[in-house]
1. Could you name the aspartates and glutamates in cross-link range of LYS93, using Cα to Cα under 12 Å and dropping any fewer than eight places away on the same chain?
2. Taking +1 at the Cβ of each Lys and Arg and -1 at the Cβ of each Asp and Glu, which of ALA191, SER159, ALA212 sits farthest along the dipole of segment 116-213 towards its positive end, judged by Cα position relative to the Cα centre?
3. Neighbouring Cβ atoms within 10 Å as the yardstick, rank LEU103, LEU79, LEU196 fewest first.
4. Based on Cβ point charges of +1 for Lys and Arg and -1 for Asp and Glu, what charge dipole magnitude is obtained for segment 116-213 about its Cα centre, in debye rounded to the nearest 20?
5. For the residues THR98, THR168, THR214, THR105, what sequence is obtained by ranking on other C-beta atoms within 10 Å, fewest first?
6. What base-10 log of the normalised intensity I(q)/I(0) is obtained for the chain from the Debye formula, alpha carbons as equal point scatterers, at q = 0.12 Å⁻¹?
7. If contacts are Cα pairs under 8 angstrom and at least 6 residues apart, what is the relative contact order of the chain in percent?
8. Anything in the chain that counts as a DSSP H helix reaching 30 Å or more along its axis (C-alpha) with Kyte-Doolittle mean of at least 0.0? List them, would you?
Amino acid sequence: MQAYVGIDVHRRRPQIAVMDESGRTAVNRNVPNGRETVLGVIGDLPVGTLVVFEAAYGWGWLIELLQDYGFEPHLAHPLQCKAIAAARLKNDKVDAATLAHLLRTDLLPEAWIAPPDIREQRAVLRHRAQLVRLRTLLRNRIHAVLADHGCDRGANCFSGVGREWLQTLPLPEGARRTVADRLEVIDALQAVIDRLDASLAAVAKADPRVKALTALPGIGPPRSPL
């Protein structure tokens, strides 16, 4: 008999529901995260069993586990799972069973499961984006310090000329130390960002899809592999 598995993924304890062809929920169990605990619930199911889970926090290990054991994974699109979002009774058991039901009835709104190499590239690009946001935050903090002392500069404070200008400012010792510390962190971040850009450029150069994407306005090499 065909089984359908719905997994409500969480950081520490996923909820796993196993439903049969008739829609009866045979198992609905909450277990700690881990290969052994998940397989303790679904490990005896036959190869090819359909398993669905939402694209939520920390699902990479789960997709690898399911594929390793011959299950057929399906990724539910979280924004389109209206049946879960609109449920009057909201708890992990209901969510896991609803996922299994949507899979069983062929009503599941699916998202694409990217292959491992694409997921790895996405992780690198997100890492770069986070570093750029942190760099921007630090730059804005420096502008705030300068504005507090009436000497903010509209032009770039972080180029060679801008750095020289910063050195000439009559700032109090605390403000000067704050600016210097933040510049030091910015420089460290920039070194990592430059290294990531070089790595991403090498990936982009070898991928013909990137060449097609970068022909579109607003898309440059660092973001195009995403």
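1. ASP8
2. The Cα lying farthest towards the positive end belongs to ALA212.
3. Values: LEU103 21, LEU79 11, LEU196 18.
Ordered by Cβ neighbours within 10 Å, fewest first: LEU79, LEU196, LEU103.
4. Details: 17 positive and 12 negative charges, 84 e Å.
Result for segment 116-213 is approximately 400 debye, rounded to the nearest 20.
5. Working: THR98 20, THR168 8, THR214 15, THR105 11.
Least to most surrounded, the residues fall as THR168, THR105, THR214, THR98.
6. Taking Cα atoms of the chain as identical point scatterers yields -0.81.
7. Values: 274 pairs, mean separation 36.7, N = 226.
Rounded, it is 16 percent for the chain.
8. Numbers: long enough: 116-148 (48 Å, -0.43); 173-205 (47 Å, 0.22).
For the chain, where a helix must reach 30 Å along its axis and average at least 0.0, the hits are 173-205.
Every read-out reported here was derived from the displayed coordinates using simple, explicitly stated rules and does not represent laboratory data. Everything numeric in this text was worked out from a predicted model, so none of it was measured. All Cβ positions, glycine included, derive from the backbone under ideal geometry; neighbour counts span all protein chains shown.
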